[in-house]
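What follows is a set of notes on a single structure, which appears directly below.
Derivation of every value follows stated rules applied to the coordinates shown; laboratory data play no part. From a predicted model like this one, the values you see are computed outputs, not experimental measurements. Glycine also receives a Cβ, built like all others from the backbone with ideal geometry; neighbour counts cover every protein chain displayed.
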Amino acid sequence: MSGRLDGKVAVITGAGSGIGRASAELFAREGAKVVCVDVSGEQEETAAGIGAAAVPVHADVRVAADVRDAVATAERRFGRLDVLFNNAGIGGPKRPITEQSEEDYARVLDVNLKSVFLGMKFGIAAMLRTGGGSVINTASAAGLVGWRKNALYGASKGGVVQMTKATALDFAEQGVRVNALCPGMTWTGLVPGAADAPLPPADASAPPQPMRRWGLPTELAAAALFLACDESSFVTGVALPVDGGYVCG
Ligand code: NAD
């Protein structure tokens, strides 16, 4: 099946790497025009690899003016916004809460949660101008269950889940669907050492997920595509684990 996003325009944050890059490439293959947003500079490479269907935007998702500009770019260049994938995120320091600083708190909560607030604030306003759309917010399995030494990260991702559900209720009658994607441990730049390393074999350093392997960015992108396209037209307010069974245990 192809063309599942024909005629649609998407904004994807964190598009320079990992899940965001894999999603930008998949959404474009499925017919979308894609605004590739990142602060790293890598969004240029993602967009160049896609070609005319993509435009890069340098933006810090913590900054309202940057997020507003990313949404405005979709409307200015491609005429509308149908899909908003609020995906940029950071892991933050892995240590107990007694050893976290106020700066750690502000950074993790701003990048992971304030970004989703800003994205939906400006993105849903744009969607309403053309009759609706689909928002996907990247939370985490850590937003559904506790992870040791990840209190700040878990708080940010639990916040994403609840912000998703409340916003889904607010816009259910106006044609805007809002869902969260909850990745398990996925082989991306977020994993120390993974950025330039090949995926380890299933039996070596396997994360504690029932499938005993890392998730792949393309597997998360496939789930995001389902939530983005009209095949999920009756799905809203869901926090979808894509985690090799992790949150079952
Ligand atoms: P990644 O590091 O490969 O990609 C994250 C991207 O976000 C990077 O390109 C980075 O530059 C960008 N980014 C970070 N801060 C930003 C900012 N302030 N403004 C704009 N862009 C910013 O990691 P990934 O795994 O692809 O992460 C995507 C999402 O998936 C994140 O929200 C992450 O929390 C979530 N997630 C990942 C895992 C995992 O195991 N990889 C597990 C659960 C959830």
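Ranking of E102, E219 by neighbouring Cβ atoms within 10 Å, starting from the fewest: E102, E219. Can you return the lysines within cross-link range of K114? Criterion is Cα-Cα under 16 Å, with same-chain partners fewer than 8 residues away left out. Once the sequence-local lysines are set aside, what remains near K114 is K157, K165. For Q162 and D104, what is the calculated FRET efficiency with R₀ set at 35 Å and r taken between the beta-carbons, to the nearest 0.05? Plugging the Cβ-Cβ distance into 1/(1 + (r/R0)^6) gives 0.95. Only helices enter this figure: runs of n ≥ 4 DSSP H residues, each worth -39500 (n - 2.57), summed and divided by the residues of the chain, yield -11500 deg cm²/dmol at 222 nm to the nearest 500. Ranked by how many other Cβ atoms sit within 10 Å of their own Cβ, fewest first, the residues C182, C36, C248, C229 fall in the order C248, C229, C182, C36. The amide H of A54, built 1.01 Å from its N in the peptide plane, has V34 as neighbours under 5 Å, considering only residues 5 or more places off or on other chains. For A88, the shell of other residues with beta-carbons less than 12 Å away shows a net charge of -2, using +1 for Lys and Arg and -1 for Asp and Glu.
Summarising the amide proton neighbourhood of G133: residues at separation of 5 or more, or on other chains, whose placed amide H is nearer than 5 Å comprise V176, R177.
Give the angle, between 0 and 90 degrees and rounded to the nearest 10, that separates the Cα long axis of helix 217-228 from the longest principal axis of the Cα atoms of the chain. Once rounded, the angle reads 40 degrees. With neighbours defined as other Cβ atoms within 10 Å of a residue's Cβ, the residues R107, R95 order from fewest to most as R95, R107.
Angle of helix 115-129 to the longest C-alpha principal axis of the chain, folded into 0 to 90 degrees and rounded to 10: 20°.
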